[in-house]
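Colleague: For reference, the structure I am asking about is given below.
The values are calculated or read from the model by the stated rules, or taken from the named source; none is laboratory data. Note that the structure is a prediction, hence the values are computed from the model and not measured. Note that each Cβ is placed from the backbone with ideal geometry, even for glycine, and that neighbours are counted across all protein chains shown. When the accessible area is computed, the model is the full protein with side chains, heavy atoms only, and any ligands, DNA or RNA have been set aside. Shrake-Rupley method; radii C 1.70, N 1.55, O 1.52, S 1.80 Å.
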Amino acid sequence: MSGLIITPVPLPPSIGTACPSDGLLYESSPQTAELTAAEPTVGSSYKIGQSPEIGRLLIATRDICADEVIIDGEEALAVGPKQATHPVCLTCYRRVDGSYLCPRCQWPLCSETCWQSEDGPHQRYECELLASKHVHPTMEELKQDDCRLYDCIAPLRIVLDGQRNPERSRLWLGLEDHRMYRKKIGIWQIDKHTVVDPVRVKWQLGDRFGDDELQRACGILEVNAFEVCDEDKSISARAVYSHACLMAHDCVPNTACTVNPATQKMTVRAAVDISAGQMITTSYTFTLDGTLRRRAHLKETKFFDCCCPRCSDPTELGSHLSSLACPRCSGRNYTVPEDPLNPESYWKCQGEQCGNRIGPSQVNQLLTCLQRKADELNYDDTRGLEIFIETWSSILHPNHSILIGIKYYLCHFYGNAPGYQLREMPLHLLARKMKLCEELLGVALILEPGASNFHCSLIRELELTEREFARGQTSEEDNETTDFEDDNGP
């Protein structure tokens, strides 16, 4: 689903209001005004455009077919550990326990192989600098699941890269940091506490790095970075790309993005057909979250209000990820927000003969309570998860984000977890997995249509399960035939 995965000129009125990679709703840094990203390579299927409503964006220069590569293996401008991460190797970003330390700076690495990687970012950027100041995590800090010292590494690499490479410094200056809005909501102060002060005061590097350039690097990462991870979540990193970060946001994106966890190279494919002149979009939020949570997340992390068609539609384009069962209609109709772009909106039943309205405080109280219950579930207890779905389906739409998130988990748990491999599962669980796949595919067809990662993974799971179900049915019929022949033998 989107989330790793991050609105032409002229701008259609129905498209979102802001792009996270440029200053639109909030005052931009003055030095970004005349700067642009590096030009696309010759033969590219896109160009960098400009919209007064959105700012810089990528626009298709020709018709692009679904599944066609738009950006092929773009190198990251910078890669570094995520914020509040557990301790990771500064070369490959896998979790470390402190058993192997860099011989030069004493920061933990995963192995000697990563230490000997001369082209690795740790050797190229901070290793010598940290060694000269004798700063490294303590053993107590290495036991933390949110070791904030790691917050400093990626900003430090951006500043060092800009200082050492004048040409690349121009690219860095072309990326937005939303400094005024970050100051307004307090993130500036958080970054000062977690990054600026540790680097300048605790690490005694105030003579090398100023407050402003470190804050700018923090903002660039917060506004533009993509998450880098692998399937088992053993890698924890973030990366910034010159072109990919110019894709505008849409909660129903027309691309699918993947990052190679080993090389951190970004590949962007068209999820659906994209017409010449159309914006190339991605999503910076989680597909299966409802509108309230998505818009709050985008506001908090990317500093803009999304007004895309999905966010603007009370039913979320018919997916109903936010819809509630109407208490007056006994669940025959569903209640949706009257104004989905207003978190204080009243909610109204869609039934023509009902029109029952519910206040925002009641809705928020209900959703907070149910979300808390969902967060407290034991995800190893599949029966408990199924009971939760059955219990609350009378209150929530079957596609509500709280339920669909659990269904998504179960869909992948069944058939993949130990003790639940496809060949080990009874027919009734195989049938349940197929039903979950079909429900989720109905949502994917609306919210991530075409060759998206979400859609394709569900198709794959469904096909494998259908094949196993058919095999199981055949085996069961053969057994019944054998039993019948035994019972009626000579």
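Colleague: Which values, in whole Å and largest first, are the semi-axes of the equivalent ellipsoid of region 201-347 obtained as the square root of 5 times each eigenvalue of the Cα gyration tensor?
Modeller: On the way: eigenvalues 249, 86, 46 Å².
For region 201-347, the semi-axes come out at 35, 21, 15 Å.
Colleague: Taking the C-alpha atoms of region 187-274, how large are the radius of gyration and the largest Cα-Cα span, Dmax, in Å?
Modeller: Cα radius of gyration and Dmax of region 187-274 are 16.6, 53 Å respectively.
Colleague: For the chain, give the magnitude of the charge dipole about the Cα centre (Cβ charges: +1 Lys/Arg, -1 Asp/Glu; no others), in debye to the nearest 20.
Modeller: On the way: 49 positive and 70 negative charges, 402 e Å.
Charge dipole, the chain, about its Cα centre: 1920 debye, nearest 20.
Colleague: For q values of 0.13, 0.17, 0.19 Å⁻¹, compute log₁₀ I(q)/I(0) with the Debye formula on a Cα-only model of region 308-359, without solvent.
Modeller: Taken in order of the listed q values, log10 I(q)/I(0) reads -0.27, -0.46, -0.56.
Colleague: Next question, about the same structure. Take every Cα-Cα pair in region 209-257 and report what % of them are more than 17 Å apart. Please report the intermediate quantities before stating the final value.
Modeller: Values: 596 of 1176 pairs.
Result for the distance tail: 51 percent.
Colleague: Using a probe radius of 1.4 Å on heavy atoms only, what accessible surface per residue do you get for the chain? Whole Å² is fine.
Modeller: Numbers: 22380 Å² over 490 residues.
The answer is 46 Å² per residue.
Colleague: How big is D for region 331-490, in µm² s⁻¹ as a whole number, if Stokes-Einstein is applied with the Kirkwood radius of its Cα pairs at 4 °C and 1.567 mPa s? Let's see the in-between values first.
Modeller: Working: Rh = 18.6 Å.
Estimated diffusion coefficient is 70 µm²/s.
Colleague: Ignoring ligands, DNA and RNA, what percent of the 1.4 Å accessible area of the chain is carbon and sulfur?
Modeller: On the way: 11200 of 22380 Å².
Reported share for carbon and sulfur atoms: 50 percent.
Colleague: Given q = 0.10, 0.13, 0.16, 0.22 Å⁻¹, what are the Debye log10 I(q)/I(0) values for region 378-470, with equal point scatterers placed on the Cα positions and solvent ignored?
Modeller: Log-scaled intensity ratios, in q order: -0.25, -0.42, -0.65, -1.15.
Colleague: Right, next: Determine one quarter of the surface area of the Cα convex hull of region 125-252, which equals its mean projected area, and express it in nm² to one decimal.
Modeller: Its Cα hull, projected and averaged over all orientations, spans 9.7 nm².
Colleague: Now, a different point. Please give the FRET efficiency for D273 paired with E390, using the beta carbon to beta carbon distance and R0 = 45 Å, rounded to the nearest 0.05.
Modeller: The pair D273/E390 has a calculated efficiency of 0.70.
Colleague: Oh, and also: What is the Rg over Rh value, at two decimals, for the chain, using alpha-carbon atoms and the Kirkwood definition of Rh?
Modeller: Using only Cα positions, Rg/Rh for the chain is 1.02.
Colleague: Roughly how far apart, in whole Å, are the Cα centres of region 201-221 and region 161-196?
Modeller: Taking the Cα centre of region 161-196 as reference, the centre of region 201-221 is 9 Å away.
Colleague: Also, quick follow-up: How would you order 466-473, 157-164 from highest to lowest mean count of nearby Cβ atoms within 10 Å? Write out the running numbers ahead of the final one.
Modeller: Numbers: 466-473: 14.6, 157-164: 19.1.
Highest-to-lowest ranking by the protection proxy: 157-164, 466-473.
Colleague: Right, another one. Kindly provide the pair-distance distribution of region 259-336 built from C-alpha pairs, with 10 Å bins from 0 and whole-percent values in order of increasing distance.
Modeller: 15, 32, 33, 14, 5, 1
Colleague: Please grab the % of Cα pairs in region 57-104 that end up more than 19 Å from each other. Let's see the in-between values first.
Modeller: Working: 611 of 1128 pairs.
Across region 57-104, Cα pairs with separations above 19 Å total 54 percent.
Colleague: Moving to a separate point now. For the chain, what is the mean residue ellipticity at 222 nm derived from helices alone (per DSSP H run of n ≥ 4: -39500 (n - 2.57); sum divided by total residues; nearest 500 deg cm²/dmol)? Write down the numbers at each step before the final one.
Modeller: Values: 16 runs with 177 residues, N = 490.
Per the formula, -11000 deg cm²/dmol.
Colleague: Okay, next question. For region 365-425, which semi-axes, largest first and in whole Å, follow from the square roots of 5 times the eigenvalues of its Cα gyration tensor? Please list the in-between numbers first.
Modeller: Numbers: eigenvalues 112, 25, 16 Å².
Working from the Cα gyration tensor, I get semi-axes of 24, 11, 9 Å.
Colleague: May I pose another question? Among all the aspartates and glutamates, which ones have a C-alpha under 18 Å from K302's C-alpha, if same-chain residues fewer than 8 places away are not counted?
Modeller: K302 reaches D22, E27, E53, D151, E176, D177, D191, E222, E227, D250, D289.
Colleague: For q values of 0.24 Å⁻¹, compute log₁₀ I(q)/I(0) with the Debye formula on a Cα-only model of region 66-154, without solvent.
Modeller: For region 66-154, the Cα-only Debye profile gives -1.27.
Colleague: Need the list of lysines near K407 for cross-linking: C-alpha distance under 26 angstrom, and skip anything on the same chain fewer than eight residues off.
Modeller: K233, K373, K433, K435
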